[in-house]
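Worksheet: one structure, shown below.
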Amino acid sequence: MRLFLKLQIPIVLLVAAAYFLILWPLHNPHPKFVFPEGTIAIRDVRIYITPDSDPIEHGTVLARTGIIVAAGKDVQIPQDTNIVECPNCTVTAGFWNSHIHFIEPKWTFAAFKSAGTLNAQLADMLTSRGFTTVVDLSSDPRETVSLRRRIETGDLKGPAIYTAGNGMYPPHGIPYYLGELPFYARWMLPQPETPEAAVKVEERNIRMGADVLKLFTGSIISPHEVLPMPLDIATAAVEVAHRHGQLAFAHPTNLAGTTVALDSGVDVLAHAPSAPAGIDTAYLQSIVDRRRSMIPTLKMFATTASTDPSFLNPIYAVVRQFHALGGDLIFGTDVGYMTDYSTQDEFSALAHSGLNYRDMLRMLTVAPAAKFGVTALKGTITPGKLADLVVLDGDPATDIGAFSRVHYTIRSGRLIYERSK
């Protein structure tokens, strides 16, 4: 009995530690956003109400309690308004980055790190780039859910976060470039071997707070080998996501992986195919006809794979042709996996692929909002919508680089980033 009592204390401590490290970070995965009180105005700026509208020069955007109440010329600014000044600047709707990750070691124990540390990291990776909404396509949910909870409740200054939780891989299909992960981290990555197992994985992800599904339908298991996910496994997972009203994303890589993604019902290709042999005009037209979307992530390929034009040019050609056919392109960079957070090279690569500033603004705003079914709330600077806004240095109509020069980022009326003077 005495020995049992002696053992009780370390057992209780071990259970308590396991709870706080493993389970507590997952509590309250979808907290209610705390809207800021008061009124904010951005005065005497160029305003793009939508990607397709002509800009309003010397206009004002006014928001109250996180909601846009007016945008245009001759807007009356009430007393006690927080006025943002930025001469010769441009205001657009808040940007989306629809492909990110929180997998760098600096996000570990996000539930417990100081707000100052995490705010600086969020600014470096996201808010200083104008992102008011992001889509995490596979990270440890303990970190992502913790960040989201602390942002939504006002403890941190960050974007709205959708997350896939853990991505899903083919059987024995962990990508070779994840080989540096500790063995226990690799062991946690789901590789369902049957449709029934895939269903359980996705249902567990949703219980843990996932909003979208991420499949590796074409997993790069060696520098020269791509393993496709079995179609029945992919289809089973997608059916669960769709049943819960969620979008499915896929890492396609090549023709086989892209075909699995399309045939299983995936909604968004999380990258342009990086080995596009066989993906011709007719095939791309079939993607367009099925109303599937694509996130190019062009800078990522040049940064982490190869700068060889023989590798990059076929990828650019796919994006150019998909766009010419009327395909739905959505902006995303794969930051978090890619540790160079700057967006300038992505915009340059998109321009090289035939897109103009309106196309890019559409990718950043209305296209993702439409895909996620939130156009009533986001995507344009319209009274009644959330005051998600970006203030840029310059006009992207005459300088694409202006997209990457962010002065202020405002999410639902709250200033979440201000560039140091």
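The values are calculated or read from the model by the stated rules, or taken from the named source; none is laboratory data. All values derive from a computational prediction rather than experimental measurement. Every residue, glycine as well, gets a Cβ built from its backbone with ideal geometry; the counts of neighbours run over all protein chains shown. SASA here: full protein model, heavy atoms, side chains in, ligands and nucleic acids out. Shrake-Rupley method; radii C 1.70, N 1.55, O 1.52, S 1.80 Å.
Looking at Leu284 and the list (1) outside any strand (DSSP E or B); (2) touching a strand residue (DSSP E or B) at 6+ places or on another chain (Cβ under 7 Å); (3) not polar (S, T, N, Q), which single condition is not satisfied?
(2)
When you scan region 29-38, do you find a residue that is out of contact with any strand residue (DSSP E or B) (no Cβ under 7 Å at 6 or more places or on another chain), surrounded by 20 or more Cβ atoms within 10 Å (Cβ to Cβ) and modelled with pLDDT under 95, even just one?
Yes, region 29-38 contains at least one residue that is out of contact with any strand residue (DSSP E or B) (no Cβ under 7 Å at 6 or more places or on another chain), surrounded by 20 or more Cβ atoms within 10 Å (Cβ to Cβ) and modelled with pLDDT under 95.
Every residue in region 113-141 that is open to solvent by 30 Å² or more (accessible area, probe 1.4 Å), in a loop (DSSP other than H, G, I, E, B) and either touching a His at 6+ places or on another chain (Cβ under 9 Å) or touching a residue at least 24 places away in the same chain (Cβ under 8 Å) (or both), please.
Selection gives Asp140 alone.
Restricting attention to region 179-215, which residues are open to solvent by less than 50 Å² (accessible area, probe 1.4 Å) and either hydroxyl-bearing (Ser, Thr, Tyr) or touching a strand residue (DSSP E or B) at 6+ places or on another chain (Cβ under 7 Å) (or both)?
Pro190, Pro192, Ala198, Val201, Glu202, Gly209, Ala210, Asp211, Val212, Leu213, Lys214, Leu215
Residues Pro396, Pro368: which one is more than 20 Å from Gly59 (Cβ to Cβ), out of contact with any Pro (no Cβ under 9 Å at 6 or more places or on another chain), surrounded by 20 or more Cβ atoms within 10 Å (Cβ to Cβ) and in contact (Cβ under 8 Å) with a residue 12 or more places away in the chain?
Just one listed residue meets the conditions, Pro368.
Quickly run through region 61-83 and pick out the residues that are on the phi > 0 side of the Ramachandran plot, over 27 Å from the mean Cα position of the chain (by Cα) and at pLDDT 95 or above.
Applying the first criterion (on the phi > 0 side of the Ramachandran plot) to region 61-83 yields 65-66, 72, 74, 80.
Of the ones still in play, those that are also over 27 Å from the mean Cα position of the chain (by Cα) are 72, 74, 80.
Listed by number, the list holds a single entry, Gly72.
Among the residues of region 258-266, is there at least one that is open to solvent by 30 Å² or more (accessible area, probe 1.4 Å), within 30 Å of Ser310 (Cα to Cα) and not aliphatic (A, V, I, L, M)?
Yes: region 258-266 contains one or more residues that are open to solvent by 30 Å² or more (accessible area, probe 1.4 Å), within 30 Å of Ser310 (Cα to Cα) and not aliphatic (A, V, I, L, M).
Tally up the residues in region 359-388 that are closer than 27 Å to Arg320 by Cα, small (Gly, Ala, Ser) and part of a loop (DSSP other than H, G, I, E, B), please.
Looking only at that region, the number is 2.
Residues Ala277, Ala305: which one is modelled with pLDDT under 95, among the aliphatic types (A, V, I, L, M), open to solvent by 40 Å² or more (accessible area, probe 1.4 Å) and under 22 Å from Pro228 (Cα atoms)?
Ala305
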